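The values are calculated or read from the model by the stated rules, or taken from the named source; none is laboratory data. In this text, all values refer to a predicted model and were calculated from it rather than measured experimentally. Cβ coordinates were reconstructed from backbone atoms using ideal geometry, including for glycine residues, and neighbour counts include every protein chain displayed. Keep in mind that these areas ignore ligands, DNA and RNA; they rest on the heavy atoms of the full protein, side chains included. Shrake-Rupley method; radii C 1.70, N 1.55, O 1.52, S 1.80 Å.
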Amino acid sequence: MGKRSGNPDEFAEILDPNSAGSGGTAEQDPADQAPADPDPTDPDPTDQAPADQAPVDPAVSGWRRVLHGNRALWVLAAVAVVSLVAGVALSAVIVSPGQAAADAKPPEPGLITVPVELRSLSNDVTLRGDVQYADSVEVTLESGDRGGPAVVTGRVPEAGATLEPGSVALEVAGRPVIVLPGELPVYRSLRLGLAGPDVTQLKDALRSLGIDPGGSNTFDAATAAAIGELYARVGYPAPEPAEGSAAAVRGARDGVRSAEEGLASAQRALNTAASGASEAVRIQLDNRVRNAQLALHAANNPPAVQPDDPTKPAVPGKPDPQAVAAAEGDLALAIAERSAGLAAPDTSGENSAIGFAQRALEDARLALTAAEEGTLTFLPSSEVIYLAGLPRRVDEVMAKRGTVSQGAVMRVSGAELVLAASAAESDAKLLTIGDIATVTLDDTTLEARVTAVEPRKATGKEAGARYNVSLALVDPTPEQVASLQGQNVRIAIPIGATAGEVLAVPAAALTAGADGESRVEVYLPGEKDTRLVAVTTGLAAEGFVEISGDIEEGEQVVVGR
């Protein structure tokens with residue numbers, strides 16, 4: 001191809017998109033177009049120029065058109081040139097991080113030191129635990145001696161209520177269900193004369209309420225009176241005796257009176273029989289004996305016989321053997337009759353009658369006692385429940401007023417909050433009953449005491465792997481109880497602590513000497529060399545170790561290089 005002409009007009013046509021030579025359809029600038037037919041009236045262009053001005057060069061006019069018609073293009077070109085120059089200049093000044101790291105020299109080696117601190121150290125076993133009410137149990141009612149259905153008639157507690165010893169848990173069929181402390185469940189009604197562990201538990205419960213149930217081991221009259229006082233405290237009448245008990249007592253009392261009258265009659269008969277002969281009979285019998293004696297004496301001493309010759313003395317009479325024998329027999333008979341008349345009478349019949357009357361009276365009195373015992377206060381099995389660990393908190397109430405009680409009526413738990421946590425065997429063996437722990441939940445912090453550390457019941461590989469740890473809160477406020485209930489908290493239990501503040505260094509500062517002693521490397525500012533100081537170590541906790549020796553607080557010890 002041949003070389004293009006250097007005509008400026010041709011160059012302008014190339015640069016100007018509106019030029020006719022470019023094939024564009026846009027109108028040309030009127031200044032670039034010559035009129036086809038000049039108006040003869042228009043002045044001659046050559047005549048318009050001043051006389052002292054030289055004619056315009058066509059080449060200069062073309063460049064002007066180029067610069068004037070493509071101003072935006074030239075601005076962009078100028079910005080590009082400036083950006084290029086700025087980039088080249090900045091590339092000589094700015095250094096990348098990688099280049100800077102590559103150009104940097106390694107720092108001079110030095111010591112890493114920390115000061116010896118004065119601080120308290122403690123080792124803690126940290127656990128997570130749930131705050132809850134412990135020993136949750138379901139309460140069911142005994143209905144063995146209740147005549148009708150167990151309709152709940154009132155005194156239904158709300159969840160959150162507290163059951164105290166002697167309080168009424170529920171009212172069923174108009175009768176109270178009294179809460180008493182104890183572990184043995186109710187299995188029978190307690191009446192006069194019964195004995196056993198349930199009677200002992202009842203008496204212990206009554207004593208805990210300040211009610212005297214008597215000193216015996218059986219349910220006696222004193223126990224019945226104590227039951228009556230218990231019902232008076234809860235505001236309900238004592239249980240009524242069985243129907244017909246009053247009539248039985250009246251009949252037994254009539255029987256006692258009849259037996260007493262029979263015994264008195266037998267006693268009178270005995271007294272009459274034992275009194276013997278009267279005084280008149282006694283005198284009569286004695287006279288009969290004396291007369292018989294006189295007759296015998298007369299028979300043995302008959303009167304003297306006067307001979308026919310009056311001058312002769314009288315001749316003593318001769319006893320008549322027959323008369324003497326008759327007198328002796330008569331005397332013996334008189335004596336025998338007197339002995340028989342004055343002898344003690346036979347009262348065996350009367351004594352037998354008295355023994356029978358006495359036994360009848362004893363039976364009547366026993367019957368009266370039994371009848372009266374039937375009217376004494378007793379404790380129905382349906383009107384008492386025993387709960388261990390009172391007071392108790394009501395967690396849930398299943399019974400509703402107007403419904404028939406069936407199954408469990410409520411669920412209760414311990415009234416005090418406890419913390420239930422678990423620990424690994426290695427941690428559990430570090431804990432002892434009575435350890436004081438710090439309980440933390442958000443901004444709430446309070447103390448708790450370890451109450452139990454027991455291996456978790458498990459089988460196989462899990463047996464003994466975990467331990468249950470129980471804690472009791474120490475004097476929590478009602479607000480703290482409300483905020484902690486049902487929460488999962490952090491528990492820190494110190495297992496070792498220093499007695500106040502001690503000198504301590506990081507564990508990395510300790511080294512072992514040739515003889516096994518512990519030592520630290522002390523750096524003295526301004527000196528080139530360090531010195532090794534032997535120390536005695538104590539408790540290690542929180543990454544620090546207690547030390548003592550020729551070292552003071554604030555001295556710098558080396559932990560690395």
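Key figures for this structure:
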item	result
Extension gain from Q267 to V404, taking 0.36 nm per residue of separation minus the Cα-Cα distance	43.0 nm
Residues in the stretch 418-441 reached by a label modelled at R456 [backbone nitrogen below 18 Å; 7 Å Cα→Cβ]	419-431
Taking N as its residue count, the alpha carbon Rg of the stretch 190-281 over 2.2 N^0.38 Å	1.91
Per residue accessible area of the stretch 148-216, 1.4 Å probe, in Å²	43
Mean Cβ neighbour count within 10 Å, used as a protection proxy, ranking 434-441, 233-240 highest first	434-441, 233-240
Where GluC sites (Glu not before Pro) fall in DSSP loop in the stretch 454-525, at most 14 other Cβ within 10 Å	E501, E517
Assigned charges on the beta-carbon of Lys, Arg, Asp, Glu; the stretch 211-357 dipole about Cα centre (debye)	300
Extension gain (nm, one decimal) between N123 and A78, 0.36 nm per residue minus Cα-Cα	8.8 nm
GluC sites (Glu not before Pro) within the stretch 237-298: DSSP coil, no more than 11 neighbouring Cβ in 10 Å	E243
Between the stretch 384-451 and the stretch 490-561, the Cα center-to-center distance that results, in Å	44
The stretch 275-314 residues near the modelled A323 label - backbone nitrogen below 14 Å, point 7 Å along Cα→Cβ	294-306
Relative contact order for the stretch 359-513, counting Cα pairs under 8 Å that sit 6 or more residues apart, in percent	18
Sites Q485 and E517, calculated FRET efficiency, Cβ-Cβ separation with R0 41 Å, nearest 0.05	0.15
Efficiency of FRET between T444 and S136 - r from beta-carbon atoms, R0 22 angstrom, step 0.05	0.35
Rounded D (µm²/s) - the stretch 309-413, Kirkwood Rh over Cα pairs, Stokes-Einstein at 20 °C, 1.002 mPa s	86
Contour minus Cα-Cα distance for V234 and D212 (0.36 nm per residue)	6.3 nm
Cα centre as origin, Lys/Arg/Asp/Glu Cβ charges: the stretch 299-418 dipole, Debye	1060
Paramagnetic reach from A415 (point 7 Å along Cα→Cβ, amide N under 18 Å) across the stretch 128-164	132-139, 156-164
Sparsely packed GluC sites (Glu not before Pro) within the stretch 169-232, loop by DSSP, other Cβ within 10 Å at most 13	E183
